[in-house]
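Undergrad: Below you'll find the structure I mean.
The values are calculated or read from the model by the stated rules, or taken from the named source; none is laboratory data. As the structure is a computational prediction, the values presented were derived from the model and not from experiment. Glycine also receives a Cβ, built like all others from the backbone with ideal geometry; neighbour counts cover every protein chain displayed. Keep in mind that these areas ignore ligands, DNA and RNA; they rest on the heavy atoms of the full protein, side chains included. Shrake-Rupley method; radii C 1.70, N 1.55, O 1.52, S 1.80 Å.
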Amino acid sequence: GRDGATAYVFGRDGALTKVNLLTRRVEGRVMQAGNSIGGAISQDGKLVAAQNYVPGGVKVFDAQTLALVADIPATFDAPGAGTGRSRVVGLAELPGKRFIFSLFDADQIWIADLSRPGPPRLTKFTQIGRRPYDALVSPDGRYYIAGLFGEDGLAMIDLWAAQPRVR
């Protein structure tokens, strides 16, 4: 956690575990997916988000109670196959209770804005390159850069641009 006293463990078994590092005790555990591969904590320390392979999507929890705040399924239109569900990778936090992440199977990058009550507002970037994978936000918070597993290159978004787009 942002306080340095709390750790969150995102298990490949799909569990999210909250650990108090000072007392060395588990303070909470929730089975939230079939396969989780990491997460992020909001800048204010109030939200923790888990990126999931199975069933595919992001779940956001209250950092104190582990109560579910938002369930964001990574659904997309799969050409010739109807609707699919993508594995999520490259999750990072952005200022203002926002999270950015890549949809590996959908060739998309999404931003989820949880700054206001109600369902998260999603901004979706499509046709960003093939199979975005590991990603990072630059130290100044300006750029989100995702490696592309399916081609030789990177996808980059200038998050400070008036109309952010993928290059």
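Undergrad: Would you mention how many residues in segment 74-96 are under 12 Å from the mean Cα position of the chain (by Cα) and open to solvent by 50 Å² or more (accessible area, probe 1.4 Å)?
TA: 1
Undergrad: I'm trying to understand the selection: among the residues of segment 121-149, which are among the hydrophobic types (A, V, I, L, M, F, W, C), free of Cβ contacts under 8 Å to residues at least 24 places away in the same chain and under 25 Å from Asp71 (Cα atoms)?
TA: Ile145
Undergrad: Taking Gly150 as the residue in question, decide whether it is more than 18 Å from Val89 (Cβ to Cβ), at pLDDT below 95 and either open to solvent by 90 Å² or more (accessible area, probe 1.4 Å) or not in a strand (DSSP E or B) (or both).
TA: no
Undergrad: If you don't mind, there's one more thing I want to ask. How many of the residues making up segment 91-121 are among the hydroxyl-bearing types (Ser, Thr, Tyr) and closer than 14 Å to Tyr144 by Cβ?
TA: Residues in segment 91-121 being among the hydroxyl-bearing types (Ser, Thr, Tyr) and closer than 14 Å to Tyr144 by Cβ: 1 in total.
Undergrad: Look at segment 34-50 and say how many of its residues are open to solvent by less than 20 Å² (accessible area, probe 1.4 Å) and at pLDDT 95 or above.
TA: Residues flagged as open to solvent by less than 20 Å² (accessible area, probe 1.4 Å) and at pLDDT 95 or above within segment 34-50 amount to 6.
Undergrad: Determine whether segment 109-126 contains at least one residue that is modelled with pLDDT under 95 and under 20 Å from Tyr53 (Cβ atoms).
TA: no
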